[in-house]
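Take a look at the structure set out below.
No value in this document is a laboratory result; all are computed from the given coordinates. Quick caveat: nothing in here was measured; it's all calculated off a predicted structure. Note that each Cβ is placed from the backbone with ideal geometry, even for glycine, and that neighbours are counted across all protein chains shown.
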Amino acid sequence: MGNRDADDWPEGWGALDAAAAAFFTAQLAREIGPEHPVSAEIAAGRMRAVGKFWGSDDVVFAMERGPAPFVLVHLAFPEPDTRGWLARKLRPRPASRYLPALVPVARIADLARYCG
């Protein structure tokens, strides 16, 4: 899961620095939750953000184990539920509403078909 050369990225996509990679990896962990199978890969350091489409919240993650070496995720950055405890208990928001899809990507060059 080394750094990707800048020349490998399609137009509009680019590599992340260490701070941005840590931020987006933590955001994915929040959005998928601890019960998702990928959360264990993130916790073990086997999955991390490596690139982003600069015009959107589409982020590419490198995976050591998975259906492909990379996955593309559109992060939603959902607002936390700040309603009172009773409202949250009586009318819970469905978790699947915010669960991001992980799209397998074989090569960084394949991101060219995704416009963000």
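One table, with the values for the structure above:
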quantity: Dipole magnitude of the chain about its Cα centre (Cβ charges: Lys, Arg +1; Asp, Glu -1), debye to nearest 20; calculated: 700 debye
quantity: 222 nm mean residue ellipticity, helices alone, for the chain (DSSP H n ≥ 4; -39,500 (n - 2.57); rounded to 500); calculated: -7000 deg cm²/dmol
quantity: In order through the range 9-14: 3J(HN,Hα) via Karplus (6.51 cos²θ - 1.76 cosθ + 1.60), integer Hz, x for Gly, Pro; calculated: 7, x, 4, x, 9, x
quantity: Gain in span if fully extended, residue 82 to residue 46, counting 0.36 nm per residue against the direct Cα distance; calculated: 9.7 nm
quantity: Under the Karplus curve 6.51 cos²θ - 1.76 cosθ + 1.60, θ = phi - 60°, whole-Hz ³J(HN,Hα) for the range 100-114, x wherever Gly or Pro sits; calculated: x, 8, 10, 9, x, 9, 6, 9, 4, 4, 5, 5, 4, 7, 9
quantity: Length added when fully stretched, residue 109-residue 19, from 0.36 nm per residue minus Cα-Cα; calculated: 30.0 nm
quantity: Sequence-distant residues sharing a close amide H with residue 105 (under 5 Å, placed H); calculated: 70, 71, 72
quantity: Highest-first arrangement of 37-45, 67-75, where packing means the average Cβ count within 10 Å; calculated: 67-75, 37-45
quantity: Neighbour-count ranking [beta-carbon atoms within 10 angstrom, fewest first] of 9, 85, 54; calculated: 85, 54, 9
quantity: Mean separation of Cα contacts under 8 Å, 6 or more apart, over the residue count of the chain: relative contact order %; calculated: 28 percent
quantity: In degrees, nearest ten, helix 18-32 long axis to first principal axis of the chain (Cα); calculated: 40 degrees
quantity: The chain: projected area of the alpha-carbon convex hull, averaged over directions, in nm²; calculated: 7.8 nm²
